[in-house]
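One structure is given here, and the rest of the page talks about it.
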Amino acid sequence: MAITSTLTTSFKKELLTATHNFATNGNAFKLALYTSSATMGATTTAYSTSNEVSGTNYTAAGAALTKVAPTSSGTTGFTDFADLTFGTATITARGCLIYNDTNSDKSVATIDFGGDKTSTAGDFTIVFPAAAASTAIIRIA
């Protein structure tokens with residue numbers, strides 16, 4: 001099984017039909033965590049409970065993300081999210097899925113952590129890169 005870090009193909013297509021709205025008052029997005037048994041990547045189209053992590057202080061479907069307003073720099077448009085913490089959690093995750101909770105749980109991106117990450121009765125934090133043209137988690141150049 002494998003998780004690939006990528007914007008999903010369905011997300012790229014859905015951008016062209018205005019399916020996803022990252023504006024402050026737009027759609028709500030969530031992040032769900034997955035085990036090393038998950039297979040996710042470019043062909044992932046929506047949130048699924050298959051191989052989602054379970055454990056103390058983690059709820060199925062993950063948690064809400066706080067959006068960073070879309071902007072641009074040079075010829076690149078981008079948006080990002082604030083870091084997300086699952087507090088006092090006991091979980092092991094290999095990767096995650098960002099998805100549109102407002103719009104049928106449609107996928108946005110899959111992210112591989114590069115190995116299993118574990119917390120035991122501690123904070124499990126997803127640290128997003130800086131919201132900049134060359135680093136933001138979602139960018140179109």
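Brief remarks on what is shown
- Scan of the range 7-40 for residues that are farther than 16 Å from Arg139 by Cα and among the charged types (D, E, K, R), ordered by number: Lys30
- The residues listed here are Thr56, Thr45; of these, the one that is open to solvent by 70 Å² or more (accessible area, probe 1.4 Å), of a type outside the set (A, V, I, L, M, F, W, C) and touching a helix residue (DSSP H, G or I) at 6+ places or on another chain (Cβ under 8 Å) is Thr45.
- Filtered residues of the range 10-30 (kept if more than 18 Å from Phe81 (Cα to Cα), open to solvent by 80 Å² or more (accessible area, probe 1.4 Å) and among the hydroxyl-bearing types (Ser, Thr, Tyr)): Thr17
- One residue alone among Ala69, Ala60, Ala38, Ala32 is of a type in the set (Gly, Ala, Ser), touching a residue at least 60 places away in the same chain (Cβ under 8 Å) and either out of contact with any His (no Cβ under 9 Å at 6 or more places or on another chain) or in a loop (DSSP other than H, G, I, E, B) (or both), and that residue is Ala32.
- Residue check, Lys67 open to solvent by 70 Å² or more (accessible area, probe 1.4 Å) and either charged (D, E, K, R) or under 13 Å from the mean Cα position of the chain (by Cα) (or both): no
- The sole residue among Asp112, Asp105 that is surrounded by 16 or more Cβ atoms within 10 Å (Cβ to Cβ), among the acidic types (Asp, Glu), within 19 Å of Glu14 (Cα to Cα) and touching a residue at least 24 places away in the same chain (Cβ under 8 Å) is Asp105.
The values are calculated or read from the model by the stated rules, or taken from the named source; none is laboratory data. Predicted model only: the values in this text are computed from it and were never measured. Counting neighbours? That spans all protein chains shown, and the Cβs are built from the backbone with ideal geometry, glycine included. Side chains included, ligands, DNA and RNA excluded: accessible areas come from the protein's heavy atoms. Shrake-Rupley method; radii C 1.70, N 1.55, O 1.52, S 1.80 Å.
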